[in-house]
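Q: Sharing a structure, written as C-alpha cells. Questions coming.
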Protein chains: 2
Amino acid sequence: MKLPILEIFGPTIQGEGMVIGQKTMFVRTAGCDYACSWCDSKFTWDGSEKEKINLMEPEKIWQELNQQAGGRFAHVTISGGNPALLSGLGAFVDLLQANQIKIALETQGSKWQPWFVNIDELTLSPKPPSSKMKTNFAILDNMIASLKEKQKGSCSLKIVIFDLTDLEYAKRVHLRYPDVPLFLQVGNDQTENVDDDKLLHYLLNRYDWLVQKVMESKALKNVRVLPQLHTYLWGNKRGV
Amino acid sequence: MKLPILEIFGPTIQGEGMVIGQKTMFVRTAGCDYACSWCDSKFTWDGSEKEKINLMEPEKIWQELNQQAGGRFAHVTISGGNPALLSGLGAFVDLLQANQIKIALETQGSKWQPWFVNIDELTLSPKPPSSKMKTNFAILDNMIASLKEKQKGSCSLKIVIFDLTDLEYAKRVHLRYPDVPLFLQVGNDQTENVDDDKLLHYLLNRYDWLVQKVMESKALKNVRVLPQLHTYLWGNKRGV
Ligand code: SF4
Ligand code: SF4
C-alpha cells in the first residue's frame, strides 16, 4: 500500500522526548486529524505543501533512506502529522524491523493501530488545552491498556507545556497513568522566529520556567523535563 | 556505616546521560581514584573542600533529603567523585528503595560493588584519552557481564568527547559492548568560564561539531549524542 510521505531526511539527532539525542533518520507522513493552534508542522495538513507529498511503497521509502544514508543509520523515526492515520504503515514497520532497524514513532493518541505494538519507542503526545484540541481519554485509556499488554518495545507520554493550564492538564494525565514515563516539553510559540539567538534565549527562559514549576510540584515527582534540542542547534530550520 | 558526603541538593533536573531531564535530588560523595585532566568536580578529591565533607549515616542523608524536598521527589542521583569507592553505599541504596525512591548512579567503572545490581539507572563512564586516565578493560568487561546477568535496572555507557581521539576511543568501546546503550557527551573544557552567554555559544558549537561527526560515522550508528543541559541553563554554577 502506498504511503503519503512528505519528508525523508537524516541522519540527524532526535531533538526531543524519550530518545532525545538518538541518531536517527526521519520519515514524515502527511495528514493529521488535529489542528493544534501552535502546530509546528502545519505544512503536513494545511494543504500548503500538497504538491510535495510523495505516494511511496514501503520498499521505495527503504531505498530512499539507504540512498541518503546507507550504512550510517540503525534507527528511524516516523513522525507527522499523525502517522497513526495510516493503517498501511504496518508493512513499513515490518520491513524496517526485518532489516534490524529500531523504530520510534509519535502520535497524539487519537487513533489506535495494531502495528503500535511493534514500535520500539512509542510516544503518545496528548495535546494540552493551549492547543485548542480535546483529548478523548476513553481512546487513550484503551490504547495504554493495550500497549501495556502487548507492546514489545517501550512507550511514554509527552506533553508540551505552554502555560500553567497546560501544566494542570499534565498533572491530571500523570495521575491517570502514573506508571507511564512522562516527559514534559517546553512549548515553542515562536515557530516563525528566524533570529536564532533571540529564539535560543527565549526558549531557554521558557525551559528554566518549566523546570522551576516542576521542581516546586508535589504532583509531578517522577517526571522528565526537556527542551527541543534541535531548536537550540538549528533554530526553526526544517530538515536538519 | 558513615559515608563521606560533600553535597546534597535539589530537586533539580539531571542535566545529562541516560535519564537526562529527570527530576531528581543529588547526593555527591567525596573521593575519587582517578584524576581526570578536565574533571569538573575536582573539589571532590583535590582536598580543596575537605572541611566540607560530612560523615553521615544513610538514615541521616535520608532525613536531609526530606528536609530539603520532602514530598517533592521520587528519584535520587548519587554522584561523585567515584561513589563506587564506598562499599557502605549499599545500605543507603536499600534505604532509598524501601522508600520507593528510584536511584541513578554514575561511576567511571574502575571498581565493582555488589550493590550496583540494585541501581535503577547505572551509568558507566569510562574516560577517553583526553582525560589522561587509562581504562582497565578487564575490569569493565567483568562489570558489564555481571550487570547483564544480575542487574534489575538498566545500564548505559557514557563517554565524554573532547576531540577526534576521544571519538576513536568511543568507537572502540561501542564495538566492544555493542548491546550496551551508548551516550556521547560534549566535553566542557571551560569549567572556569563565568560568562554564561559565551559559554553557552561555545558549548552549542561543540555540540554541533560532535553531532556532525557522529552523523558521518558508520561505526557509530545506534548511539545518542547529548549536551549537559544544566550548563545551558545555569552555566558552570554548582548546586543547581
Ligand atoms: S497533532 Fe501534531 S501534527 Fe497534528 S496538528 Fe497537533 S501538533 Fe500538528
Ligand atoms: S572519574 Fe569523574 S570525579 Fe573522578 S577525576 Fe574523573 S571526572 Fe573527576
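Laboratory data are not the source of any read-out in this text; all were calculated from the coordinates shown. Fair warning: this is a prediction, and the values are worked out from it, not measured in the lab. Glycine also receives a Cβ, built like all others from the backbone with ideal geometry; neighbour counts cover every protein chain displayed.
Q: Once you wrap a convex hull around the alpha carbon atoms of the protein assembly as shown, what is its projected area averaged over all directions, in nm²?
A: 21.3 nm²
Q: Taking only Cα atoms, what is the 0 to 90° angle, nearest 10, from helix B:196-216's long axis to the longest principal axis of chain B?
A: 60 degrees
Q: Compute the signed sum of charges (Lys and Arg +1, Asp and Glu -1) over the other residues within less than 13 Å, Cβ to Cβ, of residue A:18.
A: Taking every other residue near residue A:18 into account, the sum is 0.
Q: Still on this structure, please answer the following. Once you charge only the Cβ atoms, +1 for Lys and Arg and -1 for Asp and Glu, what is the size of the charge dipole of the stretch A:42-148 about its Cα centre, to the nearest 20 debye?
A: Dipole magnitude for the stretch A:42-148 comes out near 360 debye.
Q: Inter-copy label distances at residue B:201, 7 Å along the Cα→beta-carbon direction, one decimal in nm, shortest first?
A: 1.1
Q: Give me the one-decimal Kirkwood hydrodynamic radius in Å for the stretch A:168-228, with the sum taken over alpha-carbon pairs. Provide the component values of the computation, followed by the final result.
A: Numbers: mean 1/r = 0.0787 Å⁻¹.
About 12.7 Å for the stretch A:168-228.
Q: Report, to the nearest 10°, how far helix B:164-176 tilts away from the longest principal axis of the Cα atoms in chain B, using its own Cα long axis and a range of 0 to 90°.
A: The two axes meet at around 70 degrees.
Q: In addition: Counting every Cα pair in chain B, what percent are over 31 Å apart?
A: Across chain B, Cα pairs with separations above 31 Å total 19 percent.
Q: On a 0 to 90° scale, report how tilted helix B:89-98 is relative to the longest principal axis of chain B, with both axes built from alpha carbons and the result rounded to the nearest 10.
A: 80 degrees
Q: Can you list residues whose amide H is under 5 Å from residue B:125's amide H, if they're 5+ apart or on another chain and H is modeled 1.01 Å from N?
A: Sorted by chain and number, the residues that satisfy this are B:107, B:108, B:109, B:158.
Q: When Lys and Arg each count +1 and Asp and Glu each count -1, what net charge do the other residues less than 11 Å away from residue B:5, Cβ to Cβ, add up to?
A: +1
Q: Compute the relative contact order of chain A as a whole-number percentage, counting only Cα pairs closer than 8 Å that sit 6 or more residues apart in sequence.
A: Contact order relative to length: 19 percent.
Q: Something else: Based on alpha-carbon positions alone, could you give the equivalent ellipsoid semi-axes of the stretch B:137-193 from the gyration tensor, as √(5λ), descending, whole Å?
A: 25, 14, 9
Q: Tell me the net charge near residue A:234. Cut-off is 14 Å between Cβ atoms, residue A:234 excluded, with +1 for each Lys or Arg and -1 for each Asp or Glu.
A: Every neighbour counted, the sum reads -4.
Q: Long-range amide H contacts for residue B:225: which residues qualify at under 5 Å (H placed 1.01 Å from N, peptide plane, sequence gap of 5 or more or a different chain)?
A: A:22, A:23, B:184
Q: Of all the C-alpha pairs in the stretch B:1-69, what % are more than 21 Å from each other?
A: Counting pairs separated by more than 21 Å, the tail of P(r) holds 35 percent.
Q: If you check each cysteine of chain A for another cysteine whose beta-carbon is under 4.7 Å away, which ones come up empty?
A: Isolated Cys, chain A: A:32, A:155.
Q: If you don't mind, there's one more thing I want to ask. Quick one: Karplus J couplings for the stretch B:7-12, per residue in order, coefficients 6.51, -1.76, 1.60, θ = phi - 60°, nearest Hz, x for Gly and Pro?
A: 8, 9, 7, x, x, 8
Q: While we're on this one: Based on Cβ point charges of +1 for Lys and Arg and -1 for Asp and Glu, what charge dipole magnitude is obtained for chain A about its Cα centre, in debye rounded to the nearest 20?
A: Here chain A has a charge dipole of around 500 debye.
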